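Data first, discussion second: the structure below is written as structure tokens.
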Amino acid sequence: MCSSDLGIAGFHRLGLEPGAGVGNAFCGLFTEDGLRYRWYRPEERDPSGEPGATTCAVGPLVIGLAPESSVAFEEGGVSVSLRFEDLQREVRDELEDGEGGFRETGLASDHYEFTCRVRGSVRIADRHVEVDALGFRDHSWGVRDWAAIRAHRSCIGPRVPM
């Protein structure tokens with residue numbers, strides 16, 4: 001999620017490996033004036049996320065899957081409660097097919113991406129922000145060959161007035 005008017009942005013990820021009985025997650029928030037927060041769990045045993053479940057969790061990070069996509073997190077003076085409304089149908093084949101594509105390398109055999117409207121609230125330290133912004137989310141499943149990628153970088157686009 002990103003809110004240019006409010007000077008706050010963040011990212012949240014939850015990964016489950018049901019066959020191995022482990023999950024990983026991270027939550028990051030940062031403000032335009034330099035306030036930062038990062039929480040990371042590289043491997044947690046027995047995360048929630050049974051087949052058909054409407055939520056999945058690793059530690060305090062809970063991702064809602066149905067009927068509405070959402071993120072909830074509360075830990076150490078930080079809380080996040082966000083809902084996502086998709087603004088387009090999913091983007092899939094453009095990212096996965098072709099020579100060297102994600103599907104071919106085994107990195108993202110089943111993967112959807114969406115632009116969305118993000119609404120909710122975020123508290124970091126003594127700041128409380130009501131969020132109504134544009135965002136980006138994805139949903140992936142299936143086997144991943146993490147050795148197929150040498151590095152990963154994420155970039156958030158330019159600030160756009162809302």
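Every number in this text was worked out from the coordinates using simple rules, so none of it is lab data. Computed from a prediction, not measured in an experiment: that's the story for all the values here. Because the Cβ atoms are built from the backbone with ideal geometry, glycine has one as well, and the counts that use them run over all protein chains shown.
Remark: spin-label model distance Leu65-Ala125 equals 3.7 nm, labels positioned 7 Å along the Cα→Cβ axis. For Ser69, the residues 5 or more places off, or on other chains, whose built amide H falls under 5 Å of its own are Phe84. The calculated FRET efficiency for Asp86 paired with Tyr40, based on their beta-carbon distance and R0 = 30 Å, is about 0.65.
For Leu134, nonlocal amide neighbours, meaning residues 5 or more places apart or on other chains whose placed amide H falls under 5 Å from its own, are Cys2, Val118.
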